Amino acid sequence: MPTRPNILWMLVVLLLWPAALPAQESGLRLKTVVIDAGHGGHDPGAVSKASKLSEKQINLDLALKLGARISKEYPDVKVIYTRKTDKFVELAERGNIANRNHADLFISIHVNSAKASAASGTETFVMGTDKSASNMAVCQRENAVILLEDDYTTTYEGFDPDNPESYIIFNLMQNAHFEQSIAFASLVQRNFIDKGPITKSRGVRQAPLMVLWRTTMPSVLVEVGFLSNAGDRTKLNQAENRQKIADDIFDAFVTFKKQYDSDGSFSFDPTLLETPDDDPEEEEHALPAPVVGPHFEIQILASSKKLKNGSPDLKGVQEYRCRFINGMYKYSVGNFSTKEEAARRLPAIQKKFPGAFVVRID
Ligand SMILES: [Zn+2]
């Protein structure tokens, strides 16, 4: 039953509120963190053949170590994992888990890989907003994906991907957390540099990574080192070093939570935002590791020229495989154990790539 508000009582509360809670001027508390161990199940991520080490194992170990420390030292903080076992979770679902649980922070953990074995070091990504025009183009193309989710209207609170005016709201949501994401990313990189075990930093970077842009809270993707680099690999292979890496991220969490829970103002070290010149050979991390054994994929494109990462022809698709077959570069997505599974997914892909079809890869 609706009651009439007691104006005087409300006034008293308003007057006393800041005094009663001096450390919470913003009224915000970091209550829920989602930790996302990248890859899993039939998606191993980067793989080191020599030492039989796969990215998915390292990601999971780091995620569990980080979560354990947060749970131990902040029992009132809810720690949610996108996976706690070696299972496959769709990229879109990872962000959805964070959104559904109204998380205050999303940390995705990955290990890098590059063709050039010299590439090494750590880097932390935030969803990029610096190239506004191109980012929005990616946003519009990629937003169509949410139509495939059963509960997109609730997840996005009325957001309509078919209505161009809706996108303004989404862009604001993205910008609203940009500074906080940068702040957390900077804290992570600072700790990596200062405490190791992998002290070489590739900086804080911005990229239109699918798993990040759909989250509605400060979100980062941490690349903890290169599995393709002997030095990094040796460190990542040792449990005590993985604990140190988890501790570095945990220490960033401690500082970030302090700022978040107090006045909500964040400071960061701008020098960390200066990234070294990119070696194109090193830009392999966005691509999933090649899948071995017979399986099915969905071919989206064929081209006589090799397309660059981020080419408009790829329509914003980040995770694809490229094979050079019979003089053509063939681009495909997905990894299905049966033809039926691939066929079920095909109509969704065809919305973007009308000519897409299922291919068998042996
Ligand atoms: Zn990864």
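The values are calculated or read from the model by the stated rules, or taken from the named source; none is laboratory data. These figures come from a predicted structure and were not determined experimentally. Ideal geometry is used to build each Cβ from the backbone, glycine not excepted, and the neighbour counts take in all protein chains shown. Heads up: the accessible areas ignore ligands, DNA and RNA and are worked out on the full protein's heavy atoms, side chains in. Shrake-Rupley method; radii C 1.70, N 1.55, O 1.52, S 1.80 Å.
Quick notes on this one:
- Total residues in segment 208-232, condition part of a helix (DSSP H, G or I) and more than 15 Å from the ligand (Cβ to nearest atom): 3
- Any hit, segment 266-273, residues being modelled with pLDDT under 95 and small (Gly, Ala, Ser): yes
- Of everything listed in (1) free of Cβ contacts under 8 Å to residues at least 24 places away in the same chain; (2) part of a loop (DSSP other than H, G, I, E, B), the single unmet condition for GLU93 is (2).
- Any hit, segment 70-78, residues being at pLDDT 95 or above, within 16 Å of the chain's Cα centre (by Cα) and farther than 20 Å from ALA185 by Cα: no
- Residue list for segment 55-84, filter: of a type in the set (Ser, Thr, Tyr), touching a residue at least 40 places away in the same chain (Cβ under 8 Å) and open to solvent by 10 Å² or more (accessible area, probe 1.4 Å): TYR74, TYR81
- Selection from segment 46-103 of residues that are of a type outside the set (Gly, Ala, Ser) and touching a Pro at 6+ places or on another chain (Cβ under 6 Å): LYS56
- Some residue of segment 322-339 being over 25 Å from ALA46 (Cβ atoms) and hydroxyl-bearing (Ser, Thr, Tyr): yes
- Residues in segment 305-326 that are within 22 Å of the chain's Cα centre (by Cα), under 21 Å from ARG360 (Cβ atoms) and open to solvent by 100 Å² or more (accessible area, probe 1.4 Å): none.
- Residue-level check: of (1) modelled with pLDDT of 95 or more; (2) more than 16 Å from the ligand (Cβ to nearest atom); (3) open to solvent by less than 10 Å² (accessible area, probe 1.4 Å), ASP36 misses just (2).
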